[in-house]
Amino acid sequence: MSAEASGSSGGNVVTVSGSAPLSSSRVGEGKADRSLVGSKYVKLNVGGTLHYTTVQTLSKEDSLLRSICDGSTEVTIDSEGWVVLDRCGRHFSLVLNFLRDGTVPLPESTRVLEEVLKEAQYYRLQGLVQHCLTTLEKRRDVCRGCHIPMITSAKEEQRMIATCRKPVVKLQNNRGNNKYSYTSNSDDNLLKNIELFDKLGLRFNGRVLFIKDVLGDEICCWSFYGEGRKIAEVCCTSIVYATEKKQTKVEFPEARIFEETLNILIYENGRGSGGMALLESGGVSSPGVGQSEEEGAGVGGGDRRVRRIHVRRHIMHDERGHGQQTVYKD
């Protein structure tokens, strides 16, 4: 068993080995010996987890911990002077850090955050209670508001993109279009593309409209729209020749997908006019290996250049070491 040291520079590090026998007494029953009134430091045993802190820290908020320090709440103190609190000590460090700093990072897990909320309510720390409740409500709003539309027709897609005031990211994912067997890593890469789509949908929820298309012609293709026009496209599939037969290869160009998602934020809140000029001038992204620029009409009409990015060209070798040219599906 170990103890946590905290408080001002005069504090000592407390090390406890084993568990000391408890001969408990009440603050109210032995105030002359056991009261914390007038003490500078406090030793707390919270469910077997030991903490060493100051009365000043525990008294920062009007709470159960302050009332323990000023003697208005009775508490058990063992023979070695440890204040015994019959609570789980897992989150007490977080409680102390909140008292020290006035704020604290909260756990990502909703279940663990609810546990912290219960502890804050027990100690009557209203600041921490409100912090937990506000964070929980924000997370619930994100879950409620993150709705991904599913495309059912080309007309519906055109209407949705043309009328949306936000930038749009579309993932076209249709395994039914595959005529050949997949290469060894294609299934994993296809899943990675879908997982990235879900992560980006949560990260940019409210700023970008994310839509899924499971009826299109491509097995895995990302499209990026701004002001109703297609700005860029990242095609993740290709047809390759290996050992005298064709195979479908699915890539996971994560960096390029993330870059294009950031690029279309230029079109957020009606800022697309300058953004279009910047993108067309190559100020954000310029064609490279495996990337091309083509003229195309956006959903809203008008000729605009669309950056179509394909996975990088490479050579596959068969078992005899003969190079086979990759053929890309356009």
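The values are calculated or read from the model by the stated rules, or taken from the named source; none is laboratory data. The shown structure was predicted, so the numbers you read here are calculated from the model rather than taken from an experiment. Areas reflect the complete protein model, heavy atoms only, side chains present, ligands, DNA and RNA absent. Shrake-Rupley method; radii C 1.70, N 1.55, O 1.52, S 1.80 Å.
Descriptive notes on the structure:
- Across the protein chains, with a 1.4 Å probe defining accessible surface, the residues Val55, Val37, Val169 rank Val37, Val55, Val169 from largest area downward.
- Equivalent ellipsoid of region 113-237: semi-axes from √(5λ) of the C-alpha gyration tensor, largest first, are 38, 20, 10 Å.
- Residues with amide H under 5 Å from that of Ile231, placed H, sequence gap 5 or more: Phe224, Tyr225, Gly226
- Under 30 Å of direct C-alpha separation, and excluding same-chain neighbours fewer than eight residues apart, Lys60 reaches these lysines: Lys31, Lys40, Lys43, Lys118, Lys138.
- Bridging of Lys230 to lysines at a Cα separation below 24 Å is possible for Lys155, Lys166, Lys170, Lys192, Lys199, Lys212, Lys329, once same-chain residues fewer than 8 apart are set aside.
- Accessible surface ranking for Arg165, Arg203, Arg175, Arg87, 1.4 angstrom probe, highest first: Arg165, Arg203, Arg175, Arg87.
- Extension gain, Ser79-Lys40: 0.36 nm per intervening residue step, less the Cα-Cα distance, totals 12.2 nm.
- The gain in end-to-end length when the Tyr122 to Ile239 segment is fully stretched comes to 35.9 nm, 0.36 nm per residue minus the alpha carbon separation.
- Across region 84-99, rounded Karplus estimates of 3J(HN,Hα) from the backbone phi angles (6.51 cos²θ - 1.76 cosθ + 1.60, θ = phi - 60°) give 9, 10, 7, 9, 5, x, 4, 10, 5, 4, 5, 4, 5, 5, 5, 5 Hz, Gly and Pro being marked x.
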